[in-house]
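Q: My questions will all concern the structure given below.
The values are calculated or read from the model by the stated rules, or taken from the named source; none is laboratory data. Model, not experiment: these values are computed from the prediction. FYI the Cβ positions are ideal-geometry reconstructions off the backbone, even for glycines, and counts take in every protein chain you see. Only protein heavy atoms, including side chains, enter the accessible area calculation; ligands, DNA and RNA are left aside. Shrake-Rupley method; radii C 1.70, N 1.55, O 1.52, S 1.80 Å.
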Amino acid sequence: MAEQKASTSIEAVESGLAAQGYIASRQIATAVYLSQQIEKPILVEGPAGVGKTELAKAIAAWRGMKMIRLQCYEGLDEAKALYEWKYAKQLLYTQILKDKLGEVLGGAQTLHDALNQLHDFGDVFFSKEFVEPRPLLQALEQPGGCVLLIDEIDKSDAEFESLLLEILSDFQVTIPELGTVAAITPPTVILTSNSERDLGDALKRRCLHLHIGFPEQRLEERIVESRVSGISQALRRQMVGFIHEIRSLDLKKLPSVSETIDWARVLVLLQASELDTDIVKDTLNVLLKYEADIEAATPQVTTFIAKAARSNVFG
């Protein structure tokens, strides 16, 4: 595994993430720096597509660490998130024990002696070798640490949050049959939420809070520059200005940074040198995902192109 890189300053975090193609704002870099220094998880909230999941990937790549991802969904429980027993292996072991029962009970003179000898084998069925670790337990068992991404925590049930509290506060988990399993090296934990439901106060208290919204124009231009090659500065500035105008509309889903990057790649593919009404209308479905939003934005295309062009000239 590559040598892990410590973030000695906020600036080091910014440059380290930038080297992985993630252009972080000062607020994001500060949260990552503090999280590492005080060993506290980060709860990252914001609309879909603004780079919450990509932040965890960039941290892992920059620090040379394995990333373990737990994708949350309704009904997620400890069997899928933490651990479950290897039932097939337990059944096989039971069959072997049954076949060798005479050898196991050899020398037992009474029923009491036989039960005592069988009792010695009982705990073997619930030992570590019969545990199938899931993402949370896998993260605690990484000898060199890892980045644990708990993605879209707001999609899980409220009860699932209780399962996370011990892990988030002490980097350990208690398994009734095995006892407490503590992290060899505390993982870097990133939780993401699209705010589909309110999260509990107990979970929030255990995390640093970071909100990633839509970036301001210059930062978004830098993001496009780092992720899309072959696009001119003038077109980059014009298209980002146009998108910021689109975001001023009352739409069902505003275009996110991921749509900005996709649109930039489309414009490069179509060899556009600047925005015009035809190319924007032809590719508006790359930015907007609902027909009602496209219909609402289409009458404003010419006006928004003109505004973006003026900001390009005077920006």
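Q: Probe of 1.4 angstrom, ligands and nucleic acids ignored: what's the accessible area per residue over region 172-235, in square angstrom?
A: Heavy-atom accessible area per residue stands at 52 Å².
Q: Thr174 versus Ile38, label points 7 Å from Cα toward the beta carbon: distance in nm?
A: 2.6
Q: Roughly how many Å² of Thr298 are accessible to a 1.4 Å probe, to the nearest 10?
A: Taking all protein chains as shown, Thr298 has close to 50 Å².
Q: Evaluate the charge dipole of region 134-287 about its Cα centre and quote only its size in Debye, nearest 20, assuming +1 on the Cβ of each Lys and Arg and -1 on the Cβ of each Asp and Glu.
A: 380
Q: Over region 27-77, average the accessible area per residue using a 1.4 Å probe and give it in Å², no decimals.
A: Spelled out: the 1.4 Å probe surface of region 27-77, per residue, equals 40 Å².
Q: Can you list which of the GluC sites (Glu not before Pro) found in region 199-271 are DSSP loop residues with at most 15 other C-beta atoms within 10 Å?
A: Here the GluC sites (Glu not before Pro) that fit, given the DSSP loop and packing criteria, are Glu216.
Q: If you don't mind, there's one more thing I want to ask. Leaving ligands, DNA and RNA out of it, report the carbon-plus-sulfur percent of the accessible area of region 160-315 at a 1.4 Å probe.
A: Carbon and sulfur: 47 percent of the exposed surface of region 160-315.
Q: Let me ask something else. Determine the relative contact order of region 235-314: mean sequence separation of Cα pairs under 8 Å and six or more apart, normalised by residue count, in whole percent.
A: 48
Q: Further question: Calculate the tail of P(r) for region 1-79: the fraction of all Cα-Cα distances greater than 23 Å, expressed in %.
A: Tail of P(r) above 23 Å: 22 percent of Cα pairs.
Q: Something else: Which whole-number percent is the relative contact order of region 136-260 (Cα, under 8 Å, 6+ apart)?
A: 25
Q: Another one. Scan region 204-285 for trypsin sites (Lys or Arg not before Pro) in coil per DSSP, keeping those whose Cβ has at most 15 other Cβ atoms within 10 Å, and list them by number.
A: In loop regions of region 204-285 (DSSP not H, G, I, E or B), the sparsely surrounded trypsin sites (Lys or Arg not before Pro) are Arg247, Lys252, Lys253.
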